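The values are calculated or read from the model by the stated rules, or taken from the named source; none is laboratory data. Since this is a predicted model, take the numbers as computed values, not measurements. Ideal geometry is used to build each Cβ from the backbone, glycine not excepted, and the neighbour counts take in all protein chains shown. Side chains included, ligands, DNA and RNA excluded: accessible areas come from the protein's heavy atoms. Shrake-Rupley method; radii C 1.70, N 1.55, O 1.52, S 1.80 Å.
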Amino acid sequence: MRAVNPPIGLFAAVMGLVGLGLAARAAASLFPGVFRAPAYFTELWIALGLLAYVALVLVYSRKAWVAWDDVKAEFQDPAKMGFVGAPCVATGLVAAALAPYFPGFAGALWWIAVVMTAIVLALGVARIARLGLATPQLHPAWIVVLMGGIVLPTGGLALGYGDMARVTFCAGAIAGLLLVVPLASRPPLPEPLRPTWFILVAPPSLLYLNGSALFGPALFEPLFYVAVAVVAGVLFQARTLHRVGFGPVWWSITFPLDAFAFAAARFARAHPEPVWRIVAGLGIVLATLAVILVLGRSMIAFARRPAHARVQ
C-alpha cells in the first residue's frame, strides 16, 4: 500500500485550526469565563492543529521522497503554486501557539518559518516576473505566497524577535502590492477555487493586527474598517458557495476568518464601545463555525472514501 499524498495546500487546515485557538486566546479578556485561556476551547483547536501539522509534515515529506514530480508540479503550475505558502504560515502559527509552553523550541520553529517564507516569496516574485504583472493566471491563494510575512509577527513578537518581525511584515506588505493588478484584472475564478476569495479577508485583518503592534495603531487602524467591509462583501458573495463541490480548498475559508476574529478582539480591547465587543464576538463565532463545518465535512469526505483510496 502507498501512503497518502496530500496536496501542499492542505497545510491550510493547520492554519485554520491553530489560528482559531490563537484568536480565542486573544478574545479571552473580552469574554471572561467563556474563552478561558489556556483552557478547554482555545487549546483544543491548537492541539488539533499541532496533530495535523505533525501528520502533514511526515506525510508530505514522504511525498517529496516518492513523488517528487508531483511536488515540482505544485511549485511550477501557477494554479497550484498559490498554495505553497501554506506550510510556511502554518509553521509560523505553530511557533506562536507553542511560545507560552516551549519558547526555545518555538523560537527555532519560528526562524524555520522565516527562512521558508523568504524562499517561497523569492520563488513567487520570480514566477510573477516570468508571467508578467497583467497575467490572469494568479488567484487569491497567491496572497499566502507573497504576504506570508505579515503573519509571522504574531509569533515573532511573542518570542521577542521584534526587529525581524518588522522585516518580515514589511516584506510581505510590499510584496502584496504585486498582486493588485493580477487579482483586479483576472477573469472569474473557476468554481472549485471560489472558496479562495475568503483569503482577501486576511490582508487587511493582519495588516491592522500586526502593523499596529509593530508600528503603532495610528497608521493601521483604518485597515480594520476595510477588513469589516471585506468580510461583509465576501460573505455576501458566498451565499451560493454551497453549490460548489467540497474539497481541500475549502480550508481557505478558515484562517482568514480566524485572522479577522483575532483583529476584532484587538480592536475591541483598544475601543471599549460595546459595538466592537459585539463585532469581536461575532468574529469568533463565525470563525468557529467555519472551522467546525470544514473539519466536519473533511472527516465525512474521508470516511466515505473507499478503504483502498485512503491509502493511495
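Based on what the data block shows, is Val59 open to solvent by less than 70 Å² (accessible area, probe 1.4 Å), under 22 Å from the mean Cα position of the chain (by Cα) and in contact (Cβ under 8 Å) with a residue 60 or more places away in the chain? It is false that Val59 is open to solvent by less than 70 Å² (accessible area, probe 1.4 Å), under 22 Å from the mean Cα position of the chain (by Cα) and in contact (Cβ under 8 Å) with a residue 60 or more places away in the chain.
Residue check: is Val249 within 16 Å of Leu193 (Cα to Cα), in a helix (DSSP H, G or I), touching a residue at least 60 places away in the same chain (Cβ under 8 Å) and aliphatic (A, V, I, L, M)? Taking the combined requirement at face value, the residue satisfies it. Of all residues in region 252-272, those satisfying the criterion of being of a type in the set (D, E, K, R) and over 11 Å from the mean Cα position of the chain (by Cα) are Arg266, Arg269.
Between Ala261, Ala229, Ala270, Ala280, the distinction of being among the small types (Gly, Ala, Ser), surrounded by fewer than 15 Cβ atoms within 10 Å (Cβ to Cβ), more than 21 Å from Arg297 (Cα to Cα) and in contact with a helix residue (DSSP H, G or I) (Cβ under 7 Å, 6 or more places away or on another chain) belongs to Ala270 only.
If only residues of region 106-152 that are assigned to a loop (DSSP other than H, G, I, E, B) and open to solvent by less than 20 Å² (accessible area, probe 1.4 Å) are counted, the one that is farthest from Leu209 (Cα to Cα) is Thr135.
One line per residue, one yes/no per condition, for (1) under 17 Å from the mean Cα position of the chain (by Cα); (2) at negative phi; (3) at pLDDT below 90; (4) of a type outside the set (Lys, Arg):
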site	(1), (2), (3), (4)
Gly21	yes, yes, no, yes
Ala24	yes, yes, no, yes
Gly49	yes, yes, no, yes
Glu74	no, yes, yes, yes
Gly82	yes, yes, yes, yes
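Being hydroxyl-bearing (Ser, Thr, Tyr) and loosely packed, with under 15 Cβ neighbours inside 10 Å is the requirement here; does Tyr101 meet it? In short, yes.
The condition of being under 18 Å from the mean Cα position of the chain (by Cα) and either on the phi < 0 side of the Ramachandran plot or open to solvent by 20 Å² or more (accessible area, probe 1.4 Å) (or both) holds for only one of Val244, Val234, that being Val234. Checked against the criterion of being more than 19 Å from Ala259 (Cα to Cα) and aliphatic (A, V, I, L, M), region 144-154 has no qualifying residue. Against the list (1) hydrophobic (A, V, I, L, M, F, W, C); (2) open to solvent by 20 Å² or more (accessible area, probe 1.4 Å); (3) not in a helix (DSSP H, G or I), the condition Leu30 fails is (2). For region 267-312, residues that are modelled with pLDDT under 85 and of a type in the set (Gly, Ala, Ser) total 4. Cβ separations smaller than 9 Å between residues 6+ apart or across chains give the following pairs from region 128-146 residues that are without any contact (Cβ under 8 Å) to a residue 12 or more places away in the chain to residues that are outside any loop (DSSP other than H, G, I, E, B): Gly132/Pro182.
Put simply, of Pro203, Pro217 the only residue that is surrounded by 15 or more Cβ atoms within 10 Å (Cβ to Cβ) and at pLDDT below 95 is Pro217. Can you name the number of the only condition in (1) modelled with pLDDT of 95 or more; (2) closer than 13 Å to Val89 by Cα that Leu146 fails? Going through (1) modelled with pLDDT of 95 or more; (2) closer than 13 Å to Val89 by Cα one by one, Leu146 breaks only (1). Scan Glu74, Glu43 and give me the residue that is in contact (Cβ under 8 Å) with a residue 24 or more places away in the chain, part of a helix (DSSP H, G or I), out of contact with any strand residue (DSSP E or B) (no Cβ under 8 Å at 6 or more places or on another chain) and under 23 Å from Leu17 (Cβ atoms). Exactly one residue qualifies, and that residue is Glu74. Tell me whether region 160-167 contains one or more residues that are open to solvent by less than 20 Å² (accessible area, probe 1.4 Å) and in a loop (DSSP other than H, G, I, E, B). There is no residue in region 160-167 that is open to solvent by less than 20 Å² (accessible area, probe 1.4 Å) and in a loop (DSSP other than H, G, I, E, B). Among the residues making up region 64-87, a single one is farther than 24 Å from Leu133 by Cα and crowded, with 21+ Cβ neighbours inside 10 Å: Pro87.
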